[in-house]
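The values are calculated or read from the model by the stated rules, or taken from the named source; none is laboratory data. Note that this is a predicted model, so its numbers are computed, not measured. Cβ placement follows ideal geometry from the backbone for every residue including glycine, while neighbour counts extend to all protein chains displayed.
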Amino acid sequence: MPIVSVIDLLRCPHCSAQLTMIDDERGVRCDQGHRYDLAKQGYLNLMAGPQPANADTAAMVALSINLGAYTIEIVRAGLEAIPKSQIEAGQSLGLSNVQIFRYVIIFPALRLMYPALASQFILLMLATSVVSQISAQDLFQAASIIQSRTFRDFEVYAVVAGVYLALALLFRLLFAGLYTLIFARRAR
């Protein structure tokens, strides 16, 4: 597998063709012939890594990293919330590590993690309104387009707020129903 430099992953802002290196470290050109001096045009920050293909990809990557970081912390806290005495009880019964995890740790930990994970999903849904700032298509950008055509700011954004509120309440009811179905019935 050939080594690919960061410059090979960049795309031309005009024609989306691949940029390739020319005579010096600062100059690049695309397959269509557009030439760029990275220092003059402010593209030196692009050298830090590859550019996403479009705004939707960038939004998805950013939201996934954010969700992943919070989810990992929720899972870590849920697993650490299980008392050591329960693990020791499983060991004293002669259970293997896999059996201890399956029968002793995972279900109580999931019961503790579930509310925070459900809230994190709802927060992710609400955080999608921010991606319109990087030109990704979402409900808030559609509202901005409608508002610019109709000049009815309050009505358009009130409808968007109502849609977000309705979605948040719908997901909250869905997650509450799942919690009852999975955890409350099993506790009886």
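Odds and ends about this structure:
- Residues of the range 50-94 that are surrounded by fewer than 13 Cβ atoms within 10 Å (Cβ to Cβ) and under 19 Å from Leu126 (Cα atoms): Thr57, Val61, Ser64, Ile65, Gly68, Ala69.
- Selection status of Phe154, exposed (fewer than 12 other Cβ atoms within 10 Å of the Cβ), of a type in the set (Phe, Trp, Tyr) and more than 20 Å from Tyr70 (Cβ to Cβ): yes
- Here Pro50 passes the criteria (1) in a loop (DSSP other than H, G, I, E, B); (2) at pLDDT 95 or above except the one numbered (2).
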